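See structure below.
Nothing in this text is a laboratory measurement; each read-out follows from the coordinates by a stated rule. This one's a predicted model, so the numbers in the text were calculated from it and none came from an experiment. Ideal geometry is used to build each Cβ from the backbone, glycine not excepted, and the neighbour counts take in all protein chains shown.
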Amino acid sequence: MRLATILNGGKPSLAAYRGQDLIDLAKAGPGLPGDMLAFLAGSEAARSAIASALANAPASAVLDPELATFLPVVPRPGKIICVGLNYADHSAESGFKQPDYPTLFGRFSTSLIGHKASMIRPNLSDQLDYEGEIAAVIGRGGKHIAKATALDHVAGYAVFNEGSVREYQFKAPQWTVGKNFDGTGAFGPALVTSDELPPGARGLRIATRLNGETMQSASTDDMVFDVATLISIISEAITLQPGDVIVTGTPAGVGVARKPQLFMKPGDVCEVEVEGIGLLVNPIAQEEARRAAA
């Protein structure tokens, strides 16, 4: 099942794909989940209800995906936990020794944008870099989750472009600021439920293209810490909850490591594609100058 969060009547609403069509679940039938968190809370009963509604959805519920306004798959996750240096080739190009424990840091929901929305290059820096990744969305929470059962806690996967403002990422030992500028975390276009993918989203091709030129190309098999391991380790310290997002790291090819360095600029288009999950497309725009309210 493929589910998207769209803007509908000025608020987030849940939609599902039926082939190439996008079905507005608010019009597909009564009693269906109204947003992504409601779907995650509804578990198998919600899936069954949506599957039945998709088969019988009226013409009035059918949307053109090209005209839809996509929001982040989970608009306001309780937690966004990112993993740095999770591909050995990226650790090498970045000049870091490969860590033997996951490099974890947080993102905030104010940094998120959806499919086709503009990634924003801030006025403070011209070093906006791309990072193609996959994101695992937690469907069932827990603490001290065993690796053997960790994948049972994943509702599905989506594509993520973890835009990084490098100048600010490396101003301090902690990466928080450079990873949290508004409008730099693209998340979408859809959640693909785990049953449609290999366990742990293993063996999938991931590629990042900037203006049509391939910048990153790898397999999710290349992750140092796979999804099950990440969930188990994270949950040793942090209780995971439905709707939490784990962004699993990026492979080699980022702009800051290139010679000469290559950063995204207004007018560029960045695409991240993951086999079986989808294509996330975002143009790049410059931040608008704003003044604080008096």
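Against the chain, whose longest principal axis is taken from its Cα atoms, helix 36-55 shows a tilt of about 50°.
Could you work out the helix-only [θ] at 222 nm for the chain, with each DSSP H run of four or more residues adding -39,500 (n - 2.57) and the total divided by the number of residues, to the nearest 500 deg cm²/dmol? Each step should come with its number before you reach the end.
On the way: 5 runs with 45 residues, N = 294.
The helix contribution divided over the chain gives -4500 deg cm²/dmol.
Modelled this way, with points 7 Å down the Cα-to-C-beta line, the labels at residue 259 and residue 26 are 5.4 nm from one another.
This structure gives volume of the Cα convex hull per residue in Å³, computed directly, and of (i) 186; (ii) 141; (iii) 122 that value is listed as (ii).
At what distance in angstrom do the alpha carbon centres of region 134-170 and region 4-19 lie from each other? Measuring centre to centre over Cα atoms gives 22 Å. Residues of region 49-90 with an amide N closer than 19 Å to a point placed 7 Å from the Cα of residue 7 along the Cα-to-Cβ direction: 63-77.
One Cα centroid belongs to region 41-60, the other to region 224-257; the line between them spans 30 Å.
Here each label is just a point 7 Å from Cα along the line to Cβ, and for residue 146 and residue 118 those points are 5.1 nm apart.
Given their separation in residues at 0.36 nm each and the Cα-Cα distance between them, residue 288 and residue 62 gain 77.9 nm when the chain is fully extended.
Taken along the Cα-to-beta-carbon direction at a fixed 7 Å, the label points for residue 93 and residue 125 span 1.8 nm.
Output the peptides 255-262, 130-137 sorted from most to least packed, where packing is the average of other Cβ atoms within 10 Å over each peptide's residues. Present the calculation step by step, with values, prior to reporting the outcome.
Working: 255-262: 13.5, 130-137: 26.9.
Sorting 255-262, 130-137 by mean packing, highest first, produces 130-137, 255-262.
A simple packing score, the average count of other Cβ atoms within 10 Å per residue, orders the peptides 87-96, 189-198 as 189-198, 87-96, with the highest score first.
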